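Just below is one structure, and these are the notes that go with it.
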Amino acid sequence: MIIGLHVQVKVDRKLGSTHPEHANIVYPLNYGYVDGVVGGDGDPQDAYVLDVDQPADTVDGYVVAIIHRKDDNEDKWVVAPKFRLVTAAEVRQATQFQEQYFDDDIWLLQSH
């Protein structure tokens, strides 16, 4: 199971930075990759980082959600330093700056 997995995100797009190809996209959170895990595009697995309110180089945390892009070849992981249940609305709000351009589903661990 991927949700709940402990990972380290190497941040290559820090909070407040702009997208390298689209200057109109500013990152309101840290974004990077999980080294050693290959994503659907053949590159390291991409990850958004929640709950870190300053630019970071690396973040150790837990996968709390997966954004499954139906019109792309890769999913995005959502990581938080402390494992917690998140809502689809919370993930959507945090990642909308970039995910608005894709058709996706958000996969979560459901509480009973």
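The values are calculated or read from the model by the stated rules, or taken from the named source; none is laboratory data. Predicted model only: the values in this text are computed from it and were never measured. Here the Cβ is made from the backbone with ideal geometry for all residues, glycine too, and neighbour counts use every protein chain on show.
Couple of notes before you dig in:
- Residue match in the range 63-85 (condition: out of contact with any strand residue (DSSP E or B) (no Cβ under 9 Å at 6 or more places or on another chain), of a type in the set (D, E, K, R) and outside any strand (DSSP E or B)): no
- Options Val34, Val38; residue that is of a type in the set (Val, Ile, Thr) and modelled with pLDDT of 95 or more: Val34
- When each of Ala56, Ala89, Ala94 is tested for being in a helix (DSSP H, G or I) and free of Cβ contacts under 8 Å to residues at least 60 places away in the same chain, the lone residue that passes is Ala89.
- Candidates Val37, Val52 - the one that is of a type in the set (A, V, I, L, M, F, W, C), surrounded by 16 or more Cβ atoms within 10 Å (Cβ to Cβ) and out of contact with any helix residue (DSSP H, G or I) (no Cβ under 9 Å at 6 or more places or on another chain): Val52
- Boolean, Asp12 is in a loop (DSSP other than H, G, I, E, B) and among the charged types (D, E, K, R): no
- Top-ranked residue in the range 88-112 [being polar (S, T, N, Q) and modelled with pLDDT of 95 or more; ranked as nearest to Leu50 (Cα to Cα)]: Thr95
- Reported count of residues in the range 6-33, each being more than 16 Å from Thr95 (Cβ to Cβ), among the hydrophobic types (A, V, I, L, M, F, W, C) and either surrounded by 15 or more Cβ atoms within 10 Å (Cβ to Cβ) or under 12 Å from the mean Cα position of the chain (by Cα) (or both), is 1.
- Residue within the range 84-102 that is charged (D, E, K, R) and at positive phi present: no
- Conditions (1) part of a loop (DSSP other than H, G, I, E, B); (2) within 15 Å of Leu5 (Cβ to Cβ); number of the one not met by Asp51: (2)
- Every listed requirement among (1) of a type in the set (D, E, K, R); (2) at pLDDT 95 or above; (3) under 12 Å from the mean Cα position of the chain (by Cα) is met by Glu74 save one, (2).
- Checking every residue in the range 77-92 against the condition of being surrounded by 11 or more Cβ atoms within 10 Å (Cβ to Cβ), under 13 Å from the mean Cα position of the chain (by Cα) and polar (S, T, N, Q) gives zero matches.
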